[in-house]
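Participant: Below is a structure I'd like to ask you about.
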Amino acid sequence: MDQDTAPRPAGSVILGCATAATIAAAFATAVLLRDEGRSGWDHTVPAFWPLLATVLVSALILLVWPRHHRAAAVVILVCAVQLIGGGLVASRDWFQFVAPEVLRLVMPLTVLVVMAMTVVAGAALLLLFRRPAATWRPRHPGWLVIGVLVAAVLPAWWAVLSDFTEMAFTGQIALAWSLPWGACLAAGAWLAKPLRRLTALTVAAAPLVTLALLLTPMFPGTTGD
């Protein structure tokens, strides 16, 4: 298969999974807003919709401009991993405030979102790391250290700040935010310099978008004043 067309099958898979996740998440949001008056994503992934939209756009880039497949795969991976963690946290949150009859509807939809994003992340990894086994030694081990620090510092800081009385929420912070960010930065240890920079920029953009949406809600599932 020609190198310029090889990413297109992966792009089709990613686009299909992202579309399915969008439909499932939109339906779950509609059900929650109708029956509970809230979408629920505001407690887990405030940037849920921008992240999902970014995956969709990047999948289209894979199909239309496959020569940029590695850059697109980096962005897709960062977004998809955050959506996986956020979906797992959301599935726990539903039990906190959703009525049992509503829970029976939204839980399968949330599972579908997580499964779809898992496939998306796997496809992105395949695009990034199609290489001989002999080259699997990290090019830049320092990025592994950075990834571990990012993954550990935020939940540890919150645990200390809360005097270790909110460990469940500490785990949610780790699963929805710090672990996805840290894992993606750690993956930069195997990437070339331009892709490492793109990974860092995409990870850095996530908390900025999250903060912006918390302050000025523009999408379903965000909070603000």
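Participant: Note the angle between two axes, namely the Cα long axis of helix 100-128 and the longest principal axis of the Cα atoms of the chain, as a number of degrees from 0 to 90, rounded to the nearest 10.
Facilitator: Helix 100-128 sits at roughly 10 degrees to that axis.
Participant: Counting other C-beta atoms within 10 Å, and keeping those with at most 16, which DSSP coil chymotrypsin sites (Phe, Trp or Tyr not before Pro) do you find in region 82-137? List each step's numbers first, then the result.
Facilitator: Numbers: sites: Trp94, Phe95, Phe97, Phe129, Trp136; in loops: Phe129, Trp136.
Those satisfying the criteria are Phe129, Trp136.
Participant: Once the Cβ-Cβ distance between Arg139 and Leu60 is put in as r, and R0 is 30 Å, what FRET efficiency do you end up with, to the nearest 0.05?
Facilitator: For R0 = 30 Å, the calculated efficiency reads 0.50.
Participant: Mind giving me the FRET efficiency for Leu126 and Arg67? R0 is 25 Å, r the Cβ-Cβ distance, nearest 0.05 is fine. Kindly include the intermediate steps, with their values, before the conclusion.
Facilitator: Numbers: r = 17 Å, r/R0 = 0.68.
In this case the efficiency is close to 0.90.
Participant: Could you check how many percent of all C-alpha pairs in region 7-215 are farther apart than 20 Å?
Facilitator: Working: 12660 of 21736 pairs.
Taking all Cα-Cα pairs of region 7-215, the fraction more than 20 Å apart is 58 percent.
Participant: A further question on this structure: Helix 69-97 against the longest principal axis of the chain: what's the angle in degrees, Cα atoms only, rounded to the nearest 10?
Facilitator: 20
Participant: Choose one of Trp136, Trp65, Phe95: the residue whose Cα lies farthest towards the positive end of the charge dipole of the chain (beta-carbon charges +1 Lys, Arg; -1 Asp, Glu; about the Cα centre).
Facilitator: Trp136
Participant: In what sequence do Leu105, Leu128 fall when counting other Cβ within 10 Å, fewest first?
Facilitator: Values: Leu105 16, Leu128 20.
Starting with the residue having the fewest Cβ neighbours, the order is Leu105, Leu128.
Participant: In addition: Can you put Thr22, Thr170 in order of Cβ neighbours within 10 angstrom, beginning with the fewest?
Facilitator: Numbers: Thr22 17, Thr170 21.
Sorted ascending by nearby Cβ count, the order is Thr22, Thr170.
Participant: Which trypsin sites (Lys or Arg not before Pro) in region 73-142 sit in a loop by DSSP (not H, G, I, E or B) and have at most 16 other Cβ atoms within 10 Å of their own Cβ?
Facilitator: Working: sites: Arg92, Arg104, Arg130, Arg139; in loops: Arg130, Arg139.
Those satisfying the criteria are Arg130, Arg139.
Participant: Is region 46-115 best put as rounded, prolate or oblate by its Cα gyration tensor, with a ≥ b ≥ c the root eigenvalues, rounded for a/c under 1.5, and otherwise prolate when a/b is larger than b/c, oblate when not?
Facilitator: On the way: a/c = 3.61, a/b = 2.86, b/c = 1.26.
Verdict is prolate for region 46-115.
None of the figures in this text is laboratory data; all of them are computed from the coordinates on show. Quick caveat: nothing in here was measured; it's all calculated off a predicted structure. All Cβ positions, glycine included, derive from the backbone under ideal geometry; neighbour counts span all protein chains shown.
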